[in-house]
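Here the structure is laid out as structure tokens; the discussion comes afterwards.
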Amino acid sequence: MLSIKVLSVDPDMSNMFNIVNPNNAFGVSDPGSMYISGYTLDAEGFITLPIIGKLKVLGLTTAQTQELIQKNLNRYITDATVISKLLSFKISVLGDVKMPGHFYIYNERANILEGLSMAGDLTQAASRQNLKLIRQKGNQSEVILLDLRDPNLVQSQYYYLMPNDVIYVEPRTKQLKRDNLVVVSTVLGVISTGALLYNLFK
């Protein structure tokens, strides 16, 4: 979802591009109103604008998108300024978190910690050391290992979330072995009790 605003001395021209949500007349922003007030990318990565028509913005930054729209707008309107912002995008959080699933981000500068908090944070058995971030790069996917304990994480180029990011939280190996040991011990205990009762009543 993209927010595209056109500022012009001619209000009729600017109103042609600016989608106004009547439920947002008092400046209250919520996910629903932003969805209604934004432009949606289609399956091929195009947005459709009045007068200009279809523009492919898939893979562009918001600054590049704004520049592309401005360039095409200048062919029809003089003295107009374009302001473009990212309204929302989808991420997935999987693995050892309390509420795994798909989430929509309504903040262009959302980071990986905010994404984890949307999934209810990590479980006690989750690994803080081997967090996997799967990011799309064109037609390929890049897998990045991140360490949440590293204070330099906030300086990483992967700290901020991008559209279609997948965060996978691995379980701790020691915790997994401990859980398996508990299960094995329980099973052996049941078998031993059953054998004892069988010999007792035989």
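Each residue was assigned an accessible area with a 1.4 Å probe, and for residue 143 the value is about 90 Å². Do the alpha carbons of any pairs in 56/98; 5/132; 5/98; 54/132; 54/98; 85/137 sit beyond 31 Å of each other, and which pairs? Listed pairs above 31 Å: 56/98; 5/132; 5/98; 54/132; 54/98.
Stretching the chain fully between residue 153 and residue 85 yields a gain of 21.9 nm (0.36 nm per residue, less the alpha carbon separation). Can you give me the relative contact order of the range 89-164 as a percent, contacts being Cα pairs under 8 Å and 6 or more apart? Dividing the mean separation by the residue count of the range 89-164 yields 32 percent.
The values are calculated or read from the model by the stated rules, or taken from the named source; none is laboratory data. These numbers come from a predicted model, not from an experiment. Protein only, heavy atoms only, side chains kept; ligands, DNA and RNA dropped before computing areas. Shrake-Rupley method; radii C 1.70, N 1.55, O 1.52, S 1.80 Å.
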